[in-house]
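The values are calculated or read from the model by the stated rules, or taken from the named source; none is laboratory data. Because the structure is predicted, anything quoted here is derived from the model rather than measured. A quick note on method: Cβ atoms are made from the backbone with ideal geometry, for glycine too, and the neighbour counts reach across all protein chains shown. Side chains are part of the model used for accessible areas, which takes the heavy atoms of the whole protein and leaves out ligands, DNA and RNA. Shrake-Rupley method; radii C 1.70, N 1.55, O 1.52, S 1.80 Å.
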Amino acid sequence: LRDCPYRFFVRSVLKLSQADELDAEADKRDYGTWLHATLHAFHRDAAAATGEDRAAAAERLLRTSVQCAAELALDEAELLPFRASLERLLPDYLDWLETRRRDGWHWHAGEAPFESEPAALAPRGLQGRIDRIDLRAGGVAEVIDYKTGAVAKLRQKVQQPLEDTQLIFYAALLRTARPDLAAVSACYVGLDDADAPTVVVHKDVE
């Protein structure tokens with residue numbers, strides 16, 4: 001106020017401020033949103049790309065990432081460090097998918113909204129959106145939640161299974177919405193560490 005009464009009036013009374021250019025840069029939350037959208041679109045469109053080889057799958061995933069960045073209005077230049085992370089992840093992610101396929105799993109749904117009203121919670125219900133659901137022969141399902149945070153924290157969470165409510169909630173949501181399933185398992189898949197993709201299983205989630 002002493003230095004410049006006008007500036008004080010503008011900032012403290014009119015509540016005006018200059019936009020900080022750094023605030024506009026893509027952050028880790030944008031990275032997570034973009035990566036989730038990219039993987040969802042990649043798996044959703046896989047049926048139309050039947051028979052593609054590994055190189056074609058890698059090319060399609062990168063092309064999908066560009067499309068998703070545009071749909072989310074994320075600046076390509078700001079995404080450069082995150083795109084480098086995706087390119088580093090890509091070969092190991094495709095290896096993991098191949099291992100899943102050999103183990104009998106296939107992608108069933110992603111970003112799937114579910115609602116259910118189990119009698120035990122009446123008159124309340126459950127509502128949520130699951131990152132990914134894989135199925136295997138015999139009516140076995142697995143809930144998968146992608147994570148871009150520290151894998152060590154995920155491991156700590158599942159060491160106390162009754163405290164890790166996210167996967168429990170998703171499993172309960174899927175189980176009550178799909179009572180026909182023979183079994184439901186659940187895991188986190190870390191996408192942002194040196195060993196990614198890293199699978200962290202929630203044991204006995206049901």
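Tabulated data
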read-out	value
Answer from ARG29, ARG100 - the residue that is in contact with an Asp or Glu (Cβ under 9 Å, 6 or more places away or on another chain) and within 30 Å of ALA177 (Cα to Cα)	ARG100
Candidates ALA141, ALA171, filtered to the one that is free of Cβ contacts under 8 Å to residues at least 40 places away in the same chain and within 29 Å of TRP34 (Cβ to Cβ)	ALA171
Count - residues of the range 150-201 that are closer than 21 Å to ARG100 by Cβ and hydroxyl-bearing (Ser, Thr, Tyr)	4
Filtered residue count, the range 47-66, keeping only those that are in a helix (DSSP H, G or I) and either within 19 Å of GLU87 (Cα to Cα) or not aliphatic (A, V, I, L, M) (or both)	13
Where ASP164 falls short, out of the listed (1) under 15 Å from TYR188 (Cα atoms); (2) at pLDDT 90 or above; (3) among the acidic types (Asp, Glu)	(2)
Qualifying positions in the range 44-66 - within 17 Å of the chain's Cα centre (by Cα) and open to solvent by 80 Å² or more (accessible area, probe 1.4 Å)	ARG44
Answer residue from the range 67-90, given it is in a helix (DSSP H, G or I) and open to solvent by 60 Å² or more (accessible area, probe 1.4 Å) and is nearest to HIS43 (Cα to Cα) among those	GLN67
Matching residues, the range 136-169, being of a type in the set (A, V, I, L, M) and either open to solvent by less than 80 Å² (accessible area, probe 1.4 Å) or in a strand (DSSP E or B) (or both)	VAL140, ALA141, VAL143, ILE144, ALA150, VAL151, ALA152, LEU154, VAL158, LEU167, ILE168
Residue check for GLU115: open to solvent by 50 Å² or more (accessible area, probe 1.4 Å) and in contact (Cβ under 8 Å) with a residue 60 or more places away in the chain	yes
Residue match in the range 151-159 (condition: under 14 Å from PRO197 (Cβ atoms), in contact (Cβ under 8 Å) with a residue 24 or more places away in the chain, of a type in the set (D, E, K, R) and out of contact with any Leu (no Cβ under 8 Å at 6 or more places or on another chain))	no
Any pair with Cβ under 7 angstrom, 6 or more apart, that starts in the range 80-97 at a residue that is under 13 Å from ALA58 (Cα atoms) and ends at one that is open to solvent by 60 Å² or more (accessible area, probe 1.4 Å) and not acidic (Asp, Glu)	LEU94/ARG54
Residue that is among the hydrophobic types (A, V, I, L, M, F, W, C), over 23 Å from PRO113 (Cβ atoms) and within 22 Å of the chain's Cα centre (by Cα), where the choices are LEU86, LEU72	LEU86
